[in-house]
Each structure stands twice: as structure tokens, then as C-alpha cells.
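Read the structure below first, then the notes.
The values are calculated or read from the model by the stated rules, or taken from the named source; none is laboratory data. Since we're looking at a predicted model, the values are computed, not measured. Cβ coordinates were reconstructed from backbone atoms using ideal geometry, including for glycine residues, and neighbour counts include every protein chain displayed. All accessible areas refer to the heavy atoms of the entire protein, side chains included, with ligands and DNA or RNA removed. Shrake-Rupley method; radii C 1.70, N 1.55, O 1.52, S 1.80 Å.
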Amino acid sequence: MIKSVLIFNQLGKPRLIKFYEQLGISTQQEILREIHTLLSKRNDNLCNFLEGTRTIGNTDTRIIYRHYATLYFVFVTDMSESELGTLDLIQAFVESLDRVFENVCELDLIFHFDEIHYILNEVISAGMVIEVAVQEITKATLEAKRLAQPDAESSRFNELVPGNANDQSGDASNSIATFLSSLVINITVASIIFIIFCILRPRFKRVYAPRTYAVEKERRPEPVGNGLFSWIPAALRAPDIRIIEQSGLDTYMFLRTIRTMFIMFSVISIVSAGSILPVNILGTMRQTGLNSLSMGNVDPKSDWLWVHVGAFSIVVCWCLWTIIGELRVYTHLRMWWLTHPQTSQKAGASTILLSHVPHNLTSDEKRLYELFSVFPGGVRQVFVNRSSKELKDMVKKRDKLVRKLEAKLTKYAVKCLKAKCSNPPSEKDLLDCVEEIARCNQFIQSARQNVEQMSKRSSALVMFNEQIAAHMAAQSVLDFKPFSMSQVSMSVDPQDVLWFNLEISPWSRRIRGYLSFMVTLALTLLWTVIAAVLSSLVQIKSLAALEPFKWLQDSPVALGIFSGTVPSLILAVLMAILPSILRLLLVLEGTQRRSLVGLRLLHRYFFFQVWNVYLVTIFSSSIFQIAIQSVQQPGRIIELIQTQVPQSATNILTYVLLLAFVGAAKEILQGVPLAMRYIKLLLKAKSPREQIRAEQPLDFKWSDAIPTHSLVFLMGFSYAFLAPIVNWFVAVYFGLFYLIYRYQFLYVYNHANWSMGGLSFPKSTTQMLVGLYISQLYMLLMMVAKLNSSASAIMRVVVCALVMLITVGAHLYIRDVFMPAISYLPVKRAVDVARNPLLRSEFPNVLDEDGEVEKSLTLDERAARNRIYAMYSSMVPKSIIKLGLRLFPPSIAAPRASDDEEAAADHRSNRLSMVDQAPLADSLDVDLMREFSGPELRASAVCSLWVPLQDPMFSELVREIEHRGQGTVSVITKGTQVTANFKVKADPDVGLDKVLL
């Protein structure tokens, strides 16, 4: 007979006491103390049997025990029980506990003492052994728990009890069905869209290749063949330097970011497939479905976890090294872009825009001139901005009249040609409109001549003789007074300036900033509620209660399709609305430049997506499960982290699948622009000028795309080592988008609305580091969750913590070393360029820290080598690249005669003005008011009408229009005509003239 069962820790604290004979409380306590004293003094090498003492029952009693970690399991029996049999009974009891609680620990005994007693009662009743089979004990216990909590525990019962009739978990089968159905549907839809694009592309050049005719000739790419797949080699064979020349540094760095992410996840996929994934599959935790491929399937006590930690540490360090290498390359490219003739020779490169200028300086421009003359080269011009509401209204009125008159004249020309009038009648309303335009132009001319009478604003333009002076002024503290001249903008582009925000007071701007931030936070929380409500409405359990949707429960295929596509689709629609709201908040906040609005939107939209898409919509199920179950059973929080966190990988997979296939296909098909191009031409393009504007390439939505790709990188990297199956689909995502974006930026998108020298790239790297941090936090939590008393488990936690410290150090290094050199032109670069003008145009050597040019190589040889350095140096050690160049020299085109002399002659330093591209040396009186001030002051007092009146029958009408215009209205008929079927046709080469547009 068994007299008692005792469980206590090494300090003697009881965790379970069960006596099968009547004893007083004081006697029970004395027995516990004496047994603890006996066992705590015994060496582990001694046997597990003791004879009873006088207190315990003399020599007729046996004390049989086992020591597990910090706990002693003690059975006190009489002489009739077998000692070895009792040892086996203790082992069966402990195995039953481990089966029920999954890696049982002392906390489980504290918080679940009632379940411990239930399990003990399944083994022993009234001191007699009634069951020793672990499987039966576990089955009976979990059956009781399932009856008590059927919804919460039924899947756990089916999972842990082998041989049960319902062994296959419904959740596991649903997760596989959801994944497979989502994969099949997304691939099918993407394939259909892709085929449609390949068929439509040669036939709709206006949508799929507008850059081949609707941009300046020097920015046009090579034409693409009409084959179904000819666009793929055309996109891939374009060298990087051509992308920079035709689409700008911003486009190149964006494509480079996508390519870097693709390479990272390709490497991670290969590494994880050969190391982590086999360990997960061979795990012993009996996970089912997709969960069997995650870390949750690995035994917490297994040393195979070192495979995860090792792969994680190596990959994270390599990724950090790659990010630092990419920033090094970008820093060189940024300096090269700033000093390149296409940038540095524009007047805007040497001009700064000041706001919050004190009144005593705006009232006397000479004082501003003196203030900034301390910078190298001195000041060329100073202009204090002025404004006039009457002039602004008149310019708007004149432009509206011009558009209206062009549309009427175009319609009039078509009407006359259809009627075949030899002497078309003049229409009085047309000539009256010309006279009204002439009066507007005269008012504009008069206002421009009397600009000094306009009210001065608290903003000013300062143009320096040297580019470096503008960069030094932008970094300087210009005044000691609070907020005085605190807002300085460089590389001024008047089309980029939000002129209505320049006059906002500093205090108002600060208050608006706080309010905008608070509204953004409130919007984030509100969006969370909206997304949660919509997501819950489309959950199958909610819809199944409605009569029209009950059939879904009886169709596994329909259930998988619905669960795999509808929630992700609703989420994508919601997120498409948000950027416009956030952009409006940033404008109302007082941001002074459109480009700065876009840059600030990158981080704000990224934060919004991380919170709403990742944490709330995708990851919330695991968080809520952990929170709810840990409140009910606090001792299981460590276990829940191990099992619930990896299970969110299915949600991430379905979301990435939607974006990777359907999102990429939608990006290349351009379905909405395809329809809008023709609708706009049909309804709005009523004149040649409007036709050319409708033909202009689309603007790429930088502020929407960059945070979305960074979010996918974050989602993929956070689960790269917990559920490595994610890596393959994230790699496919970035690979598809890289191919598509190369084609889109070469042939479809216009980059002119985002020309900032790649300043979005540092923000992308910061967002990539956020993904690395979250991945490290997950890995650290998983290693802590799988922690036990072994030194190996403790070392795994230490290694994960060290990797996080290395990441923090790398982040600080990036912030302190690269960020200061990115925003402004370094003085050394300016000196190097002044000493050697070849550096202005030559593609930079990203491995050269001295800024010197090797004279032993020709210009073409240096260019080919430098491009290889830029391509591979961020991911491959420098020594390997140089070895490869020695073994396999790049093919070089035949060198031109006197390469260096030609390059030097091409870039002798006459800076060009931003608008007319005339050499500044030949026009020293570049008018800052005319070129860089507000739109009303830059408006010309002469306008051109571009209409199809080239037929001789309209010559009299043209002369009459120019006569009525009194020298302020001219008629241009070149490049436009009415075709034989009476359609108006406009020549893009003429329409791209800045005078017309």
C-alpha cells in the first residue's frame, strides 16, 4: 500500500501533499521536514530507496523517490510494495504530467494543483495503484479537461493523445487548406493577368510604353519588340547607369533596395532549407499541418536548437554587413549625383529657400546679402518673396481662359474642315476671349513691373556663387533667436514648394505638428477598430450564422478559398485609402515641400502598416491567445509563446501570397490607368495641349510603395527562422517586383515628381533594421521560452542577446557615420571635384576612400570596373571582387580618342539655370523672382495657343487672334493637325516644349 505522495522543491517548499492514512497536520508537516532533511543530504549517486525512521514508520516503511530538476517526487510505501515497481510508477506519473502540461515545470504544479491531484487520482486511489499506462492516464485527464472546456481544449486533446479517433486537428487541416487554396488562387489569377498584359502590351503603347515617345528624347529607352515576352530581356539587359541617366538616382536606389531584399531572402531560403527546415520537420513535439515546419515542432530540450541559433546569428550579421555596404555605395553615389553637371550646374543647386526670416532682414535685402556673404564664393542674388492676391487670381483666370480658348479653337477647326469651308466664318466669342486674355496679360505685365509695391513675406531666396556655400548655409545656425530662419530648403525647385505653407508662424507650425501627430495616433487606433470589425465580420464562424453563408461549412474547398483571400483583400483595400489621409495631415501640419511630405510619409505610413497590418490584423490572433490563456493559466505563458508565435506564419503566408502574385500582376497590368487613359482622352483632352498632358507617363506612388515593401521585408524576416517556409515566398515577392519595376521605370513611370537624389533609401534601410530587431526579439523570446537548467540552453539565450547588441552597435554606427554625409555635400568632395573635374561625371569608385582617379586606366575601363564595384561590393568582400576582375576582366568597348580630355571639356564649369538651361556665365542676371519665386510671380505675361490651325484657310483667323492679343498672345500650329477622319493629332516632341506645357 502507498501511504503518501509528496512533491517538494530543493528548499522544502511543498508542491503536492497526499496522505492515504489519517494523520494530524503537525505530523504531516514533521514527516515532510524529516524526508526533506534526509533527501537533501543524499548524494545523487546513492540509490533511491530509504528505510523509514521512527517518525515516518520505522523499518516497516520505505521511502522511494526521484529527483527531477528542482523537484523531489517521493512515494512512501509499506513493505508489500515493490521498490522498483514504485520507481516505475513515479516515472509514469511524471511522464503523464509532462504529456498534459508539455514540458512540465514547477510553476505548473503551483498554478494547476487541482489538475495535478486529478492526475494522481487516475494513478492511485485509496493507496492502491489503479493505472500505470501513461497513454491511458493522459487520455483520461485530457478527456476530463475537454468536457470541462470543449472549445478550448478539444484540439489539444486530439493532438496529444495518439490513436484518438479524431487525431487529425481541424485547425491543422484548415491551415493547410487555407494555404494551398490561397496559393492556387493567387497563382491562377496572377497568371491570367500576366497573360492579358503580354497580349495587350504591344497594342497599347500609350499605357505600357509611354516613355518611348512622351518624354524628352535623351530620357527615352530603347524600343521593345512586339513578342509576348520580349519585355523581360529588355528590362533586364538595361545597365544600371542607363537607369540612373533616364530615371534618376531615386529610381536606381529604389530598384537596388528591392534587389537587395530579393538577394537576402534568396540566401536565407537556401540556408534555412539546408539547416532549419529539416530540424523542424524531424521535431518531436507532434505539431500538425504547417506548424510541423516551424520551430514550435522542436523539443525545447533538444540541442538541435543550436542549428536555428547558428543560422540566425550568421544570417543577421551578414545582413547587417550588407546594409552597411549598401549605405557605403549610396553615400558615394549621392556625392556623385550632387556634383554631377546635371545637378550642380542648375541654379537651384546653389540656391536656398529661407522661411521665418525676421522683418528687419526682409525689409532690407542688403542685410541678407551681407549675412550670407561669409560663405565661400559669396552671394550672387537675394530675393525676398512677395505675393499679391489680385495677381494670383488674374493668373488663374488667364490660364483658365487659355485652356478654354484652345478647346474652342480646336473644335472650330474640326468643324470647318468637316464642312470644307474655303472661307471659314469668324466667331465673335473666340475673339472676345482673346481680348480678355490680352487684358489679363497686360495686368500681369504691369504687376511684374511693380513687384516692389507688393507686400513682402517672411521667406527669401538666396543664390550663391558656389554649390558648397548653399550646403554650408543649410547646416549653419543662422540666428540665435528662437525659430528665426530655422527652416532652410536646398536644391530649390519652385514646383516642389508648397508656397501657402511658407507663411505659417513657427509656433503655429509646432502646434500643428503636435496635433497632426495626435490625429495620426487616433487614426491608427480607429483604423484598428475598423479593420478588426471588418475582419470579424468575414470570419467564417460569424458568417456561418447567416442563412446565405451556411453552405460554406459543408464545402472545404470554398472554406479554404474564402479564408485565404477575402480577409487579405479587405485589408489591402483599407490600406489603399490611408496614404491620402496621412498626406493631407502632413500638408496641414505646415510642411513646406511636396518632396518632404513624401519623405515624412514614408515613416508614418510604415508605422501605421506595422501596427495595423502586422501586429493587429495578422499577429493579433497569437497575441490574444497568449494573453487570454495566460490569464487563465499563468504557468503556461512560456509554453504558449513556443506554440502560438510560430503559428501566425500562416496568416503572413496568405498576405504575402496575395501581394506577391496578385499585387505584382496588378502592378504590371495597370488596369485602372489603362481605362483612365482612354476615358481622359475622350472626355478631357479637347485640345492638343490636353492630349499631350494626358499622354504623359504616370507618376509612381513612392510614399505608398516603399513602406509596403518594407513591411513585407519585416514580416518575412521576423519569421525567417521560426517558420522558414515564409522565406521562399518573400523571395518570390521581391523577385517578381524587381523584374516588374525595372520594366515600369524604364518604359512606364515618370520620376520627375520625386527627384531627391535617393534620400528615401536611408529611410528604407532604417525600416529594414526594424525587421531585424523584431526577428531578434522573436528569437530571443523563443530561446527564453525553451530555456531549461542546462548550460546549452542558457548559452543560446546569451548568443541571441549578443546578436541583438551587435545590431544596436551597427545601427549606431550607421547613424553616426553615414547619415551626416548623406544629406549634405561633404567639403572634401567639393574640394576633390574642384581639383579634378573628371570626378563630376565619372561613375564613382565606391571602394575608393581618397576620391582620386587612376590615370593608368582609360575612362571606359574605370567606368566598367566602378560599376562592378557598385554592383557587388555590398555583399561580396573586396578581395574576392578584385580577384574576379583579374581572372575575368569585364568586356570594354573600344576606347574613344582622348577620353579624359573630352570629359574635361564636356564639363567645364558653366552652371545652367533651372528653367532655360542657358549657361549662367552668359546670363549673370538670372532673375530669382522669375525662376524660383511663387507661381504668380513666375507666370509669364505672354501666352501661346497651340491649336490645329495650320491649314491656309485659317491664316486670316490666326492673324486676327495675334492682332487682338496685342503682342501678348501667339498662335503655334506646328506639331498638330486634323487627320483625314477628323481626329486631332498632336506631336509629343513639339508638345514637350516647356513653352507649351
Handout entry: Ile187 closer than 20 Å to Ile668 by Cα, of a type in the set (A, V, I, L, M, F, W, C) and part of a helix (DSSP H, G or I)
Key = yes
Practice task
Restrict the check to the range 355-366 and report whether at least one residue is hydrophobic (A, V, I, L, M, F, W, C), closer than 24 Å to Met756 by Cα and open to solvent by less than 40 Å² (accessible area, probe 1.4 Å).
Solution key: no
Problem - Filter pass, Phe204 being open to solvent by 50 Å² or more (accessible area, probe 1.4 Å) and either touching a strand residue (DSSP E or B) at 6+ places or on another chain (Cβ under 8 Å) or touching a residue at least 40 places away in the same chain (Cβ under 8 Å) (or both) - result: yes
Completion exercise
Those residues of the range 9-32 that are among the aliphatic types (A, V, I, L, M) and part of a strand (DSSP E or B) come to a total of 2
Handout entry: Enumeration of residues in the range 434-482 that are open to solvent by 50 Å² or more (accessible area, probe 1.4 Å), part of a loop (DSSP other than H, G, I, E, B) and not β-branched (Val, Ile, Thr)
Key = Asn450, Glu466, Phe480, Lys481, Pro482
Practice task
Evaluate the range 374-387: report whether one residue or more is among the polar types (S, T, N, Q) and part of a loop (DSSP other than H, G, I, E, B).
Solution key: no
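So is Ala705 among the small types (Gly, Ala, Ser) and modelled with pLDDT of 85 or more or not?
Spelling it out, Ala705 is indeed among the small types (Gly, Ala, Ser) and modelled with pLDDT of 85 or more.
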Exercise for the section: Considering (1) modelled with pLDDT under 90; (2) crowded, with 23+ Cβ neighbours inside 10 Å, say which one Phe265 fails and leave the rest. Expected result: (1)
Fill in the blank from the handout: Picked from the range 57-78 (must be in contact with a strand residue (DSSP E or B) (Cβ under 7 Å, 6 or more places away or on another chain) and among the hydrophobic types (A, V, I, L, M, F, W, C)), the residue farthest from Val129 (Cα to Cα) is Leu71
Practice task
Look at the range 671-707 and say how many of its residues are among the polar types (S, T, N, Q), surrounded by 21 or more Cβ atoms within 10 Å (Cβ to Cβ) and within 32 Å of the chain's Cα centre (by Cα).
Solution key: 1
Problem - Search result, residues across the range 33-63 that are closer than 22 Å to Gln91 by Cα, among the basic types (Lys, Arg) and not in a loop (DSSP other than H, G, I, E, B) - result: Arg62
Fill in the blank from the handout: Flagged pairs (Cβ under 8 angstrom, 6 or more apart or on separate chains; first in the range 861-882, farther than 14 Å from Ile324 by Cα and open to solvent by 30 Å² or more (accessible area, probe 1.4 Å); second β-branched (Val, Ile, Thr) and assigned to a helix (DSSP H, G or I)) are Arg867/Ile241; Ile868/Ile881
Problem - Flag if Glu370 is assigned to a helix (DSSP H, G or I), free of Cβ contacts under 8 Å to residues at least 24 places away in the same chain and open to solvent by 40 Å² or more (accessible area, probe 1.4 Å) - result: yes
Problem - Test: residue in the range 283-295 that is in contact with a Ser or Thr (Cβ under 8 Å, 6 or more places away or on another chain), closer than 18 Å to Pro844 by Cβ and at pLDDT below 95 - result: no
Completion exercise
Scanning the range 48-58 for residues that are over 19 Å from Gly85 (Cα atoms) and without any contact (Cβ under 8 Å) to a residue 40 or more places away in the chain, the one nearest to the chain's Cα centre (by Cα) turns out to be Ile56
Problem - Pick from the range 115-129, criterion touching a residue at least 60 places away in the same chain (Cβ under 8 Å) and open to solvent by less than 50 Å² (accessible area, probe 1.4 Å), ranking: farthest from Ser80 (Cα to Cα) - result: Ile116
Problem - The one condition in (1) in a helix (DSSP H, G or I); (2) closer than 22 Å to Phe19 by Cα; (3) of a type outside the set (Ser, Thr, Tyr) that Val74 fails to fulfil - result: (1)
Completion exercise
Within the range 499-526, the residues that are surrounded by 16 or more Cβ atoms within 10 Å (Cβ to Cβ) and part of a loop (DSSP other than H, G, I, E, B) are Leu502, Ile504
Exercise for the section: Would you check if Thr77 is farther than 27 Å from Ile110 by Cα, over 60 Å from the mean Cα position of the chain (by Cα) and surrounded by 15 or more Cβ atoms within 10 Å (Cβ to Cβ)? Expected result: no
Exercise for the section: Sort out which residues of the range 288-343 are of a type in the set (Gly, Ala, Ser), assigned to a helix (DSSP H, G or I) and crowded, with 22+ Cβ neighbours inside 10 Å, and write them in order of number. Expected result: Gly296
Completion exercise
Of the residues in the range 269-278 that are β-branched (Val, Ile, Thr) and open to solvent by 20 Å² or more (accessible area, probe 1.4 Å), the one that is farthest from Ala810 (Cα to Cα) is Ile270
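Is it the case that Ile581 is at pLDDT 65 or above, over 17 Å from the mean Cα position of the chain (by Cα) and open to solvent by 50 Å² or more (accessible area, probe 1.4 Å)?
Against the criterion (at pLDDT 65 or above, over 17 Å from the mean Cα position of the chain (by Cα) and open to solvent by 50 Å² or more (accessible area, probe 1.4 Å)), Ile581 qualifies.
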Practice task
Being touching a residue at least 60 places away in the same chain (Cβ under 8 Å) and within 27 Å of Thr257 (Cβ to Cβ) is the filter here, so list the residues in the range 767-799 that pass it.
Solution key: Gln767, Met768, Leu769, Val770, Gly771, Leu772, Ile774, Ser775, Gln776, Tyr778, Met779
Completion exercise
Among (1) part of a helix (DSSP H, G or I); (2) modelled with pLDDT of 85 or more, Thr591 falls short only on (1)
Completion exercise
Within the range 175-199, the count of residues that are open to solvent by less than 40 Å² (accessible area, probe 1.4 Å) and modelled with pLDDT of 85 or more comes to 4
Exercise for the section: Only residues that are open to solvent by less than 30 Å² (accessible area, probe 1.4 Å) and under 21 Å from Ile868 (Cβ atoms): list them for the range 217-246, please. Expected result: Ala235, Ala238, Asp240, Ile241, Ile243, Ile244, Gln246
Handout entry: Filter result (assigned to a loop (DSSP other than H, G, I, E, B) and at pLDDT below 85) within the range 821-837
Key = Asn836
